[in-house]
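Visitor: Can you read through this structure? Questions will come right after.
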């Protein structure tokens, strides 16, 4: 209801109140009883209107609350998805670092094996040289 309509209703109500006061002052019992009956109907109608407005307001509030719940739930879902994506990326990065470390260990082990083979070859050559020297000493003797 518009503000101007409400103000008009208030003005009309004031006139009715003044009419009721005049009837009391004039001791017009019939008019007082008529006004009471009119007012009783108006009060019931107003109560019904207030109850209806309250029901509409409650429905609006319930709808707003439901919308906010959906909004908040959606925001938390988004946060959860972002967290899960960060965690998955972290797990992937960690696996990548482990693979890099394993490859580095393999390279170190291969380099160590190459070194061991070179040392073994050196020892073989050293042993062969010692054999040759021993054979030469044996021929000289």
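Just so you know, all these numbers are worked out from the coordinates, no wet-lab data involved. These numbers were taken from a predicted model, which means no experiment stands behind them. Cβ coordinates were reconstructed from backbone atoms using ideal geometry, including for glycine residues, and neighbour counts include every protein chain displayed.
Visitor: Mind telling me which of the residues 39, 125 ends up being in a helix (DSSP H, G or I) and either loosely packed, with under 10 Cβ neighbours inside 10 Å or in contact with a helix residue (DSSP H, G or I) (Cβ under 8 Å, 6 or more places away or on another chain) (or both)?
Guide: 39
Visitor: Mind checking whether some residue in the range 5-21 is within 46 Å of the chain's Cα centre (by Cα), in a helix (DSSP H, G or I) and free of Cβ contacts under 8 Å to residues at least 60 places away in the same chain?
Guide: Yes, the conditions are met somewhere in the range 5-21.
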